[in-house]
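What follows is a set of notes on a single structure, which appears directly below.
No lab work stands behind these numbers, since they all come straight from the coordinates. Given the structure is predicted, the values throughout are model-derived calculations rather than measurements. Using ideal geometry, Cβ is built from the backbone for each residue, glycine included, and neighbour counts are taken over all protein chains shown.
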Amino acid sequence: MKNLEDLKKQIKDGLSELDVVIGWTDSFDPLHATPHFMRSEADVDKLKVDALCVHNLATYLPSLKGKKVGIVVKGCDSRSVVELLQENLINRDDVTIFGFGCTGVVDQTKIRRAVGDVGQVEACEVSDAEVKLSVAGKEHKLPMADVIADKCQTCRYPNAVVSDQFVGDEIKATASFEDGYKDLEEFEAKSTEEKFGFWLGEMDRCIRCYACRNACPMCVCRDHCVAQSRDPHWLSQEAHVRDKWMFQVIHAYHLAGRCTECGECQRACPVDIPILLFKKKFNKEIKEVFNYEAGLDPEAKPPLQTFKIDEPTIKEKEW
Amino acid sequence: MAKFIKSDKVSAWLEELGQKHEVLAPRGEGDSIVFKPYDAKKGFNIEREATAPPKKACFPQSETLVKFSHIKDLENPEKVALDVKETIPDSSWVVFGSRPCDARGFTMFDRVYLNGKHVDVYYKARRENTFFITLACEKGETTCFCNWVGSGPSDPTGSDVLMVPVDGGYFLEAVSDRGEALLASSLLEDGGSKQAEADKVRADADQSMGEAQDLSKAPAKLLEAFDDMGFWEEQSAKCLSCGACTYLCPTCYCFNITDESDGVKGERIRSWDNCMSSMFTMEASGHNPRPTKAHRLKNRVGHKFSYYPDLHDGVISCCGCGRCIKSCPVGVDIREIVLNAIAYEAKEKAND
Ligand code: SF4
Ligand code: SF4
Ligand code: SF4
Ligand code: SF4
Ligand code: SF4
């Protein structure tokens, strides 16, 4: 990040008023970053912001409700903050948002696919154009276009949509809503059998860890999740693909009109199940039915959390 | 007994083993590598450590303990009889291509489920009939630390056969008597001439691991930090309390028991539980002795590096496979936490 020093200064200036500021720092190898909880100037010195900083830190906000928290957000992450504000899961006065214009983050799965094995990463340099890696003594140059997350390829909100401090220049986005749903449209064109077969195959390896749920900033029931509840008893504890699949359907329904497609659910999945596709399906429908997109306006209400006698976009009376 | 198998004969060997046993082998699925019943059409992938360990071989994600049905007495509708059938597994399994840490992981289970006061009959039935053909690692990954926990990239503990990659194939060594039997196949050649090469691969692998940290103080230090919730909150700040780390861990053995019924019939199953979940140790009253993620992570690290070794001759209940680090969605590093705990006292004193 070009303006990292400016950002560090802003955070240091705010530190005395805040209990903690959440950002990112170096992780177990040079190819990974990790969430970073900053309380001192020395912590801020370790801040890192680049394309490896994939985590949506908004996930941590609800559990810190009541504290004064600073948070560093990319465009997509800021939409989760908006959504949390809409749902009163956080107080605007308690959160200081450090936003920036994001040029995209990497998809670690794509990197693994390209390199084959990233078990021994010795060095990594990321720029806007490429990811340069040294793995087990071998050099790899991966063009950013090949390893950037899908969501970034079609990002329409690269700049924090809400912020108290904005660092650096705004980034211009060119993609349209439709661009983001081409993969889904391709999938929808398949037969029902093909679609169901695909999901049974993918969901079979789910280990029911619920990382997808816990990484999701909008999963609010978390500790009272229907997936583990005995009463009501919607899902069994068996390892059957039927229950695993059912959980994803429930997750998608609960996120309809609230999901901002940050992709954390899919990123968190240890066995790389492409569950974002479920969520995208619902978002596309919500857009069609209610002309609504989540996480843009802190004053708006998610359509499934309101009741209107007449929905402007639904023809109820004159068929 | 030392044997050798050419790379292109391995599939045939697996098919041969499959005639007598159920063979579990790692294969690529989507972008991950998971253990699945071997299917010649789908092949196997032993290029790198599998994403998920073969834990389910001896400890399935969910396992039926008994099947039951309620039988109504037509003469006396108030009376309901219960028909219960125990379901002890009776087949045999070969786990092929797991890594030394994966096989060694089950030796942590054994102390709990086989050698204590109470023997777990379900685990015992599977464990005694599961054979491990383990592939030695040529090099550790950045997340591997088997050498910190008294093991190494070609440690044969818990395995029946150790495979060492050599030019053109694999050097095979029987580690147990049961392993000898697995090496009886006519597809295998004598391996004597490959011994020296295999020894070198093993020595180079040991070299690649970097220096091991001394964890001998960990049990006492973790207890010392036990009541300092500030310390644990700091260690767990970024944790999502999800459970991916425990489900991917070859040494995590906690389970839950539930009855899953449908009408008058049902099954009592046991399924993986995990201490990172908010439901873990939740009591019927609603009280939870581990109410926050800080309490839960303390349990996970403390159990592996303190409470378990205290009960089991100092053996650490972590095989160093590194999966909890590399698959954690937020990069929580258990090594870092243990080292922070070991450094704990120094930090306290510095504050005085
Ligand atoms: S979706 Fe947009 S804001 Fe989010 S990481 Fe990608 S480019 Fe950045
Ligand atoms: S469901 Fe997935 S994509 Fe949607 S908000 Fe949650 S983590 Fe993000
Ligand atoms: S993160 Fe993946 S493996 Fe875990 S419960 Fe979700 S879909 Fe299943
Ligand atoms: S350590 Fe990582 S994998 Fe384990 S519960 Fe916490 S976030 Fe999940
Ligand atoms: S604690 Fe982590 S490194 Fe240790 S055995 Fe479990 S998954 Fe592997």
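Quick look at the numbers
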read-out: Spin-label model distance (nm) - A:Ile314 vs B:Met229, 7 Å beyond Cα toward Cβ; value: 4.5 nm
read-out: q = 0.10, 0.11, 0.16 Å⁻¹, chain A: log10 I(q)/I(0) [Debye, one scatterer per Cα]; value: -0.62, -0.75, -1.52
read-out: J(HN,Hα) series, the range B:290-299, from Karplus relation 6.51 cos²θ - 1.76 cosθ + 1.60, nearest Hz, glycine and proline x; value: 10, x, 10, 5, 5, 4, 6, 5, 4, 5
read-out: For the protein assembly as shown, share of DSSP beta bridges that run antiparallel, in % to the nearest 5; value: 75 percent
read-out: Spacing of the two label points (7 Å from each Cα toward its C-beta) at B:His287 and A:Ser40, in nm; value: 3.8 nm
read-out: Added length on full extension, which subtracts the Cα-Cα distance from 0.36 nm per residue, A:Asn291 to A:Glu188; value: 35.1 nm
read-out: Nearest-0.05 FRET efficiency for B:Asp8 and A:Tyr253, computed from C-beta distance (R0 35 Å); value: 0.10
read-out: Cleavage-rule hits (GluC sites (Glu not before Pro)) in the range A:236-319: DSSP loop, at most 11 neighbouring Cβ within 10 angstrom; value: A:Glu299, A:Glu316, A:Glu318
read-out: Mean ellipticity per residue at 222 nm, deg cm²/dmol - from DSSP H runs of n ≥ 4 across chain B, formula -39500 (n - 2.57); value: -8500 deg cm²/dmol
read-out: Rounded FRET efficiency, nearest 0.05, which uses the C-beta distance separating B:Lys139 from B:Glu15 and R0 of 22 Å; value: 0.15
read-out: Within-12-Å neighbourhood charge of A:Gln165 [Cβ basis; K, R +1; D, E -1]; value: 0
read-out: Set of aspartates and glutamates with alpha-carbon distance to B:Lys6 below 14 Å, sequence-local pairs under 8 removed; value: B:Asp167, B:Glu189, B:Asp190
read-out: Residue-span extension gain [A:Val220 to A:Arg92] - 0.36 nm each, minus C-alpha spacing; value: 44.3 nm
read-out: Within a Gaussian network of chain A (alpha carbon springs, distance under 10 Å), most fluctuating of A:Pro217, A:Pro303, A:Pro232; value: A:Pro232
read-out: DSSP beta bridge pairing in chain A, given as percent antiparallel to the nearest 5; value: 65 percent
read-out: Virtual spin-label span in nm between B:Asn115 and B:Ala212, 7 Å along Cα→Cβ; value: 1.8 nm
read-out: Loop sites in the range A:144-212: trypsin sites (Lys or Arg not before Pro), DSSP, at most 13 other Cβ within 10 Å; value: A:Lys172, A:Lys190
read-out: Free-standing Cys, chain B [no other Cys Cβ under 4.7 Å]; value: B:Cys58, B:Cys137, B:Cys144, B:Cys146, B:Cys239, B:Cys242, B:Cys254, B:Cys275, B:Cys318, B:Cys328
read-out: Mean shadow area of the range B:1-156, taken as a quarter of the surface of its Cα convex hull (nm²); value: 14.4 nm²
read-out: Radius 14 Å from Cβ of A:Arg242, net charge of other residues (Lys, Arg +1; Asp, Glu -1); value: -4
read-out: Cα-Cα separations in the protein assembly as shown greater than 41 Å, expressed as whole percent; value: 31 percent
read-out: Debye, to nearest 20: dipole size of the protein assembly as shown, +1 on Lys, Arg Cβ, -1 on Asp, Glu Cβ; value: 580 debye
read-out: Rel. contact order, % - alpha carbon contacts under 8 angstrom, at least six apart, chain A; value: 16 percent
read-out: Residues whose placed amide H lies under 5 Å from that of A:His36, excluding near-sequence neighbours; value: A:Gly23, A:Trp24, A:Thr25
read-out: Modelled label reach - A:Leu4, point 7 Å along Cα→Cβ, the range A:39-76 residues with backbone N closer than 17 Å; value: A:41-55, A:72-74
read-out: Phi to ³J(HN,Hα) by Karplus 6.51 cos²θ - 1.76 cosθ + 1.60 over the range A:205-213, Hz, x for Gly, Pro; value: 8, 4, 9, 6, 7, 6, 5, 4, 6
read-out: Sites A:Ser134 and B:His70 - FRET efficiency at Förster radius 45 Å, r taken between beta-carbons, to 0.05; value: 0.10
read-out: Rh by Kirkwood over Cα pairs, then Stokes-Einstein D for chain B at 1.306 mPa s and 10 °C, µm²/s; value: 72 µm²/s
read-out: Prolate/oblate/rounded call for the range A:4-101, Cα gyration tensor, a/c under 1.5 rounded; value: oblate
read-out: In sequence order, calculated HN-Hα J values of the range A:181-191 (Karplus, 6.51, -1.76, 1.60; Hz; x Gly/Pro); value: 10, 5, 4, 5, 4, 4, 5, 5, 6, 6, 6
read-out: Cross-link reach list, lysines versus B:Lys117, counting only Cα pairs under 21 Å and skipping chain neighbours closer than eight places; value: B:Lys304
read-out: Residues whose placed amide H lies under 5 Å from that of B:Glu22, excluding near-sequence neighbours; value: B:Ser92, B:Trp93, B:Val94
read-out: Entries in A:Lys190/B:Lys42; A:Lys8/A:Lys182; B:Lys67/B:Lys238; A:Lys244/B:Lys139; A:Lys46/A:Lys67 that, when Cα-Cα distance is taken, lie over 31 Å; value: A:Lys8/A:Lys182; B:Lys67/B:Lys238; A:Lys244/B:Lys139
read-out: DSSP beta bridges in the range B:68-138 [antiparallel fraction, %, rounded to 5]; value: 50 percent
read-out: Candidate aspartates and glutamates - alpha carbon under 12 Å from A:Lys279, same-chain residues fewer than 8 apart omitted; value: A:Glu261, A:Glu264
read-out: Within chain A, helix-based [θ] at 222 nm, where runs of 4 or more DSSP H residues each add -39,500 (n - 2.57), nearest 500; value: -9000 deg cm²/dmol
